[in-house]
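One structure is given below, encoded as structure tokens.
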Ligand SMILES: Nc1nc2c(ncn2[C@@H]2O[C@H](COP(=O)(O)OP(=O)(O)OP(=O)(O)O)[C@@H](O)[C@H]2O)c(=O)[nH]1
Ligand SMILES: [Mg+2]
């Protein structure tokens, strides 16, 4: 990394294992920055990362090793000057940094202080689950010797063990009246904007860059949401418009069902990957830390009727009629509905799935069954699930390691299937709108339908219908 000295430079400092490296990951949206581990002393060297404004690096954030022995160092600093010397903080630190202990016992701490002295300000990361101890107070006294503005970041505020109140009080007593609540694993939606806004208060000389970053962060959040919703709407249009031709011959119908299910699964998977990429969670990141997926597929199987029942989606659409209702239900369990001539064709589906309730006499009546389509309840399930993934990604910091369990949250939803929104109903009649179908033809009408779906009122909740 080149060292751009014109950029605003900020040191991220604090006690060991408080989440400094995690904060850098989240602010730079880089899951690969540095090393994160639940153990003290993980970061040993200072490492910088650029933060860009409209593509131009404007700020350098420096990760630093954790401070370990603040009490020993403060005692040492206090006895450094000979009696009668009136040294201020930076002068005292200069003496220390020139002395032997800066490359000996306090080498780690010396790296931190040197860096903070080089920077215009520091972010002081606190694990608010920890009680306020003498070592923390000593640490703050030493950091104040640098003579740089320090903005405390109350990390882990989402934890039930948070002692944020106690920490705020302590910080005030030490003259630090402004601080920011954050959580690098699940940052508040406006966490980044708030951080930059508050930093601009403690660092008024860099207000224009910091308010630029604040605005950019707010804008990007809105843009990511719109792009995410567009990806989901595209997926739903593709699935609603999808038609797989099929024969009425049971074996061939069975094959068509398997094929169509595979196409639907892959298409949903592609949307998951695109959403991950949009939020800068790489496929690698997802492989090593499986997000909502297990071995490449979403963990609640799309076509598992039990799963659909569990989430309380009830199939509508007037299929439950007459003697062949059972077979229709079985075809629906395959997550597909049948095109024109569906009821008779459904019997063939039932037979293909090994239902065995229909003899050859029944099958001989089968006529006119032509296409498979994706069932309404599958569309709704996909919509819910992708909407929840989008929400989870918006709330996920780049320091998060645990997987997002979208499937688990989806199961909590319990309600009857509502009618498809208009753009999806229209898509039903336009097989050429399906990018995964054999008749795909991209065009303005398809795009219009995607936009209309994004703009549907209900979509604002990320719940497309
Ligand atoms: N839940 C939660 N966990 C966090 C947060 N920040 C960090 N962690 C976890 O805390 C542990 C320590 O995080 P690091 O980022 O390595 O901490 P550090 O301050 O850089 O540690 P050193 O380099 O050893 O000083 C890791 O297991 C992180 O996943 C947070 O805001 N919330
Ligand atoms: Mg670290």
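Each value in this text was obtained by applying a stated rule to the coordinates, not by laboratory testing. This structure is a prediction, so every number in the text was calculated from the model and none was measured. Neighbour counts are summed over all protein chains in view; Cβ atoms, including those assigned to glycine, are modelled from backbone coordinates with ideal geometry.
At a glance:
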quantity	calculated
Antiparallel DSSP beta bridges within the range 8-202, as percent of all bridges there, nearest 5	25
Neighbour-count order for 141, 374, fewest beta carbons within 10 angstrom listed first	141, 374
Peptides 125-135, 168-178, 52-62 ordered by average Cβ neighbours within 10 Å, highest first	125-135, 52-62, 168-178
Separation of alpha-carbon centers, the range 9-37 and the range 67-141, rounded to whole Å	20
